[in-house]
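One structure is given below, encoded as structure tokens.
The values are calculated or read from the model by the stated rules, or taken from the named source; none is laboratory data. Treat the numbers as computed from the prediction; the structure is a model and nothing was measured. Here the Cβ positions follow ideal geometry from the backbone for every residue, glycine too, while neighbour counts run over all protein chains shown.
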Amino acid sequence: MTPDPMFQETEVQANRLGALMLFCSGLILLLILALTIAGVFPLKGKLMYSTTIQAIVEILILLVICKIVKNNAWWLKPLLLIGMIIVFARLDSMLTHKVAILMVLPVVFSSRYFSRKLTIFTSILTTVIFAASAFWGATHGLINLNIVTMPAGTEMIATGGFLGDAVQNAGASNEMLIRNTLLYDYFPKWLMFSIVSIISCNIARRGRSMVISQHEKDSKVARIESELNLASAIQADMLPNIFPPFPGRSEFDLYASMNPAKEVGGDFYDFFLIDDDHLCMVMADVSGKGVPAALFMMASKIILANNAMMGKSPAQILTDTNAAICANNREEMFVTVWLGILEISTGKLIASNAGHEYPVVKHGNGAFELLKDKHGFVIGGMEGAKYKDYELTLEHGSKLFLYTDGVPEATNAQTELFGVERMVEALNKDPSASPEQVLKNVHASVDEFVNEAEQFDDLTMLCLEYK
Amino acid sequence: MLNINKTIENGTATIFPEGRLDTVTAPELEKAMQEILPGLTTLVLDLEKLDYISSAGLRVLLSAQKAMNAQGSMKVCHVNETVMEIFDVTGFSDILTIE
């Protein structure tokens, strides 16, 4: 009888609901008891008291049991339902037609367990026990005049006592009262009850299938989530992420970081030595976000690096990468790329830009300034796109800052953009800082600007210092 | 938020995207484009009320441009400064017909 683990939680919740129902019933009984004592309800004193008090005691016992096992025991479900039926039937036997609605409560409640069998069981048990209570109530409970048939001409005289007594004194036989109660009271009530039972069975079955499908969806989401986390780790590992990257090289210092807005993103940076004297740096941004962008990013990164390692010029690398990507790009994804190759011995930097943001350069001891370089079209956008090289020289102490549009397009709660001006300002707060510190400064400025708004785009930056 | 208004007349369609064209809203425009593209000879994109365009939005423009190259022409008009800057930076100003 141990419940399916899938239904464990819902069963505990249902037990809790049952306890709450019993608690409310107990309160109502206390109220009835108080009103009876106060004389507002003119009921048959002694029997009423004992019935009500017994019901309250039963409820208390059930509640204590629920509390002890913290609503969590496989036998609590039948115990609660049987207890509930007995308590309600006891009240029904006393108050008869006044509390007709009590009959449906256990079966409605049972549907919360999402088990059709249990609801059918409850329905049958209710039928039997309430029949017994109707049988007993016919002669002991509140009388319903509609069921009393008397020989024509019978006179009943109110004596100030109870109606039931008057009826009995007038010669109504117990047999007649029981027969008529079962036929005129219980039977129509049971017919209506059976409709509620059918509806409850349906709710139970539907609830069950919903729990099962929800469980399936949850496990699917959990699987996708764990795959995404793994993908995120793989993506992060693909980028060079050990700093300082070239501990043996004192001619330059380099730092980079990537914070995707989702688990995986389409931004990337890359840097590697082509030979002893040439350092290649890449900053790129794939259109869109998430998994599609991440897949495209992986391919772009590898094609770019392979082309670069062949010793081509930046423009040639971009041209060849564009040709390779356009060959198989039915989804029309594209990537913006800034790629530069630094000749470490001389500081000569040759670069080419495929639709990427303007780089920011600080010459010597000067300030960071936006370099409005020439732009080619994005990579993957159009076959045969042409790219041009340009050249600049980095003096000692010069810095180069590369970024993706996530930085200038960081948006605050008022939907203002961070903008390139604020970014250059942030860079110039401490232009002589180390590359790592430069990135931290920009990141801090963006965070301060964005404040409470959610990070929407990837934040990717790279800073090179030529010493 | 993106509102898309469009008019179609004798094979000429004009689309007025209004708001922000980004990762979230780009699929809406893509869907609207796919619906009207068949049989179109001229496509006009009126960007007067477009506040912002992200790379995902540019991708939709690129797809439309490629589709229209094969069956007619496409032009973009009323481009504001912010959007024009993005077109310039990404090289889109070279492949789009901007008026």
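Descriptive notes on the structure:
- Counting only residues that are within 14 Å of another protein chain (Cβ to nearest Cβ) and either within 17 Å of B:D46 (Cβ to Cβ) or modelled with pLDDT under 85 (or both), segment B:1-27 holds 9 of them.
- Condition check for A:T181: outside any loop (DSSP other than H, G, I, E, B), surrounded by 15 or more Cβ atoms within 10 Å (Cβ to Cβ) and modelled with pLDDT of 85 or more: yes
- Checked against (1) at pLDDT 85 or above; (2) more than 10 Å from chain A (Cβ to nearest Cβ), B:G39 passes all but a single condition, namely (1).
- Selection within segment A:453-464: residues that are under 24 Å from B:A56 (Cβ atoms) and of a type outside the set (S, T, N, Q). The member of this set that is modelled with the lowest pLDDT is A:F456.
- Of all residues in segment B:35-58 being within 16 Å of B:K75 (Cα to Cα) and among the acidic types (D, E), the one that is surrounded by the fewest Cβ atoms within 10 Å (Cβ to Cβ): B:E48
- Looking only at segment A:129-166, residues that are closer than 23 Å to A:R90 by Cβ and modelled with pLDDT under 75 come to 4 in all.
- Extreme residue, farthest from the other protein chains (Cβ to nearest Cβ), among residues of segment B:58-91 that are over 26 Å from A:W338 (Cα atoms) and of a type in the set (A, V, I, L, M, F, W, C): B:C77
- Selection status of B:E28, charged (D, E, K, R) and either in contact with a Gly (Cβ under 8 Å, 6 or more places away or on another chain) or free of Cβ contacts under 8 Å to residues at least 24 places away in the same chain (or both): no
- Taking first residues from segment A:446-465 that are away from chain B (no Cβ under 14 Å) and partners that are part of a helix (DSSP H, G or I), the Cβ contacts under 6 Å between residues at least 6 apart in sequence or on separate chains come to A:M461/A:L439; A:C463/A:P435; A:C463/A:V438; A:C463/A:L439; A:E465/A:P435.
Per-residue answers, yes or no, for (1) at pLDDT 95 or above; (2) surrounded by fewer than 18 Cβ atoms within 10 Å (Cβ to Cβ); (3) under 44 Å from the mean Cα position of the chain (by Cα):
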position	(1), (2), (3)
A:Q414	no, yes, yes
A:F418	no, no, yes
A:S432	no, yes, no
A:V446	no, no, yes
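For every residue, the table says whether it meets (1) touching a residue at least 12 places away in the same chain (Cβ under 8 Å); (2) within 13 Å of another protein chain (Cβ to nearest Cβ).
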{"position": "A:G347", "(1), (2)": "yes, no"}
{"position": "A:G355", "(1), (2)": "yes, yes"}
{"position": "A:E369", "(1), (2)": "yes, no"}
{"position": "A:D389", "(1), (2)": "yes, no"}
{"position": "A:G397", "(1), (2)": "yes, no"}
{"position": "A:T411", "(1), (2)": "yes, yes"}
{"position": "A:T415", "(1), (2)": "no, yes"}
{"position": "A:Q437", "(1), (2)": "no, no"}
{"position": "A:H443", "(1), (2)": "yes, no"}
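One line per residue, one yes/no per condition, for (1) out of contact with any helix residue (DSSP H, G or I) (no Cβ under 9 Å at 6 or more places or on another chain); (2) in the same structural domain as A:F271 (by TED's automatic domain parsing); (3) under 30 Å from A:M94 (Cα atoms):
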| position | (1), (2), (3) |
| --- | --- |
| A:A170 | yes, no, yes |
| A:N174 | no, no, yes |
| A:S197 | no, no, yes |
| A:C201 | no, no, yes |
| A:L230 | yes, no, no |
| A:R249 | yes, yes, no |
